[in-house]
Every structure is written in C-alpha cells, then in structure tokens.
Amino acid sequence: MLRNNNNSWLATQPKLLNAKSKRGYILFSAEVRKRVMNKNPEAKYGEISEIIGTEWACLSNEDKRDYESRAQFIAAERAKAELLTRKLPQVKIYFDLNTIAICVLP
C-alpha cells in the first residue's frame, strides 16, 4: 500500500484562502477591535482580545451565523480572485526534425 505524506501533499497545494478570512470570529474581531481599543486605551493586547471574545460569546447565534456566512463569502471571493490572477507558466517548444523539447520557464 502506498502511503501519502499529507504534510508534503498539503505543501504542494495552492494557498487559495487567506487565513484571516476563514472564520466569522476573525471577521467580527477585525470589525470591533478598533472600537474596543478606543474604549479601553490602557488595555493590553490580551485584555482587548478577552473583551472581544466576551462580546462574541454574547452575540446571538443568528448574528454569529451572519459573520460566518460573510467570512465564507469573503474567502470564496478571495479564492476566485487568486485563481483569476494566478500566472500560468510560460512554455517554450524547441524542435527539429528528430526531437521535440518542451521547457517550462520560471
């Protein structure tokens, strides 16, 4: 049986999604962080994160689902944009009467 090393396979796959857009909490955090920082100018980073986490926990499930669906939409749009802007490799073909060589250029 052929074993596939998932880590090496994963490393070869294109990175289509920005990690910052995967979860609704991250989107929520990005939207409210500035407001929380302005309300708590003396708070440290960890304290700000704790306040944001508490606000997230207090959100209704409907509001959380809204953030989750928005985050999924953003991730899908970023993936589409990356696919559209990804450069395809340039190829040069050399040939004579007996040989054909195809070179992929960087």
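The values are calculated or read from the model by the stated rules, or taken from the named source; none is laboratory data. Keep in mind it's a predicted model, so treat the numbers as computed, not measured. Neighbour counts run over all protein chains shown; Cβ positions are idealised from the backbone, glycine included.
Summary of computed values
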| quantity | calculated |
| --- | --- |
| Residue count for the range 54-90, restricted to those that are surrounded by fewer than 13 Cβ atoms within 10 Å (Cβ to Cβ) and not aliphatic (A, V, I, L, M) | 15 |
| Residues (of a type in the set (A, V, I, L, M, F, W, C) and either in contact (Cβ under 8 Å) with a residue 24 or more places away in the chain or over 14 Å from G24 (Cα atoms) (or both)) located in the range 37-57 | M37, A43, I48, I51, I52, W56 |
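Residue by residue, here is whether (1) touching a Gly at 6+ places or on another chain (Cβ under 8 Å); (2) at pLDDT 55 or above holds:
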site: L2; (1), (2): no, no
site: K15; (1), (2): no, no
site: F28; (1), (2): no, yes
site: E50; (1), (2): no, yes
site: W56; (1), (2): no, yes
site: E62; (1), (2): no, yes
site: E68; (1), (2): yes, yes
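Conditions tested, residue by residue: (1) more than 14 Å from the chain's Cα centre (by Cα); (2) outside any helix (DSSP H, G or I).
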{"position": "W56", "(1), (2)": "yes, no"}
{"position": "R70", "(1), (2)": "no, no"}
{"position": "R78", "(1), (2)": "no, no"}
{"position": "A81", "(1), (2)": "no, no"}
{"position": "A101", "(1), (2)": "yes, yes"}
